[in-house]
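The values are calculated or read from the model by the stated rules, or taken from the named source; none is laboratory data. None of the values given here were measured: they were computed from a predicted structure. Note that we place each Cβ from the backbone using ideal geometry, even for glycine, and neighbour counts take in every protein chain shown.
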Amino acid sequence: MSASDPVQADDSPRTVTQERFGSELFGFWLLVWLGTALAGSLFGLLLGLALFPNEGAEPAISGAIGGIIVGLVLAGILAAPVVVTIATLSWAIGSRRWRVYLAIIAGGATGTFSTLLIADFDIFESSSVASGVAIALATLLGSMGAWISALAWARRVGQTAQADDDSVVDAELPISNRLFRIGVLVAVIAVVLGTCLGIAYLIQLARETARRNECRSNLRQIALCLHNYRDAHRHLPPAYITDKTGKPVLSWRVAAARHCYYDTDFSEFLDYDQPWNSPKNAKFLNHLGGFLHCPSSGKKPENPLTDYVAVVGPDTLWPGEQPGDLKKHPKGILVVEWPRSDIHWAEPRDITVEEFLDWFRAKPAKPDSFHPGCLLYVDAEGNVGELRNDTDTEIVRRLLVGQSTVGAASPAPSQ
């Protein structure tokens, strides 16, 4: 157009420049992240108050303050990868029109993820109704936090009316630019997913390590109780306790428990001439089996089933009605965890040598074990070891009687 040409009015739709779009993008999503984190602190406040409804003012205040801090930190951490991914999606699309909707999705997703994470710690006491209400509330609060932040940003930059103006359109992006943005979006999603999966794996690994260490501690504690029994009676308890007629009525675990619950007078509440499931004995025994749970089993403390059993049979530490001898088999398997146990902890029942060996003959899959690929046991000296699921049955048989397994593919006991 020459200098002599008249200046024509610009009737074309107004366009948002890419520079302006990019500067708005960062500030907008930063505020969305902050709003989502604050929504998490509000959810934490409500949850903290709900956990102490009738505990008095001081616990309620402490719960509220703790809930605010935990909610803010947790939502802030989880919102970061979610908002980054959604923001990159918005940038890849190259349009402002869907930003508010995408922000609401980001806030709601953060609330959902946060609640699912804390629900994993049984904070809702395994109530599906409570978990569902909490997830719905957290999702709603996260969405509202992101939405309010989006509106606050629109008012801040004076774009509220303009955003609804049909005369405002987004700048057209060249095809090469769009392909580049899509590539960046894919890369961001891959990095975020990979990082989240890696963190989840590390968390799961740390939990399994902690549970395994706690299981080892439980086995050592049981061995210590049995050693205390031996010191008091000069021998191990028999595999089962009999009544006057010779009928088995109680397990060796009851004898061991007397050296675990020192503050409980067993003779006052327990009748040794009645079976474990008699009305009197059951009322007392049904609530004392918590120390016999492997942490990986997920059992509640009040569950009376035991995860730790003896392997009973000739030449083992548990020959039956007669007490075993720790000195005879100092390296023998004393107690072992048993994922297939349906045994009440006080029931005079354990597993036989052949039942134990069948476990290794069947080569059970990993989900069939409390710990990946192995069973934990404690020997007569109090050393905890691991038996891999693929351990040769002859090696297991020799370990039951404390014979040397030097040169065999069997893990050494760990202190």
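Here are the numbers for the structure shown:
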read-out	value
Top-ranked residue of the range 358-370 - restricted to ones that are surrounded by 17 or more Cβ atoms within 10 Å (Cβ to Cβ) and out of contact with any Cys (no Cβ under 7 Å at 6 or more places or on another chain), ranked as modelled with the lowest pLDDT	PRO364
Pairs with Cβ under 7 Å, 6+ apart, first in the range 284-302 and touching a residue at least 40 places away in the same chain (Cβ under 8 Å), second among the acidic types (Asp, Glu) and part of a loop (DSSP other than H, G, I, E, B)	LEU292/ASP307; HIS293/ASP307; CYS294/ASP307; SER297/ASP307
Any hit, the range 319-331, residues being assigned to a strand (DSSP E or B) and under 23 Å from LEU305 (Cα atoms)	no
The lone exception for PRO314 - which of (1) in contact with a helix residue (DSSP H, G or I) (Cβ under 7 Å, 6 or more places away or on another chain); (2) not in a helix (DSSP H, G or I) it fails	(1)
Hits in the range 263-293 (condition: aliphatic (A, V, I, L, M), more than 30 Å from ARG212 (Cβ to Cβ) and modelled with pLDDT under 85)	LEU270
Cβ pairs under 8 Å, 6+ apart, first in the range 334-361 and under 19 Å from GLY402 (Cβ atoms), second part of a helix (DSSP H, G or I) and among the charged types (D, E, K, R)	VAL353/ARG397; LEU357/ARG397
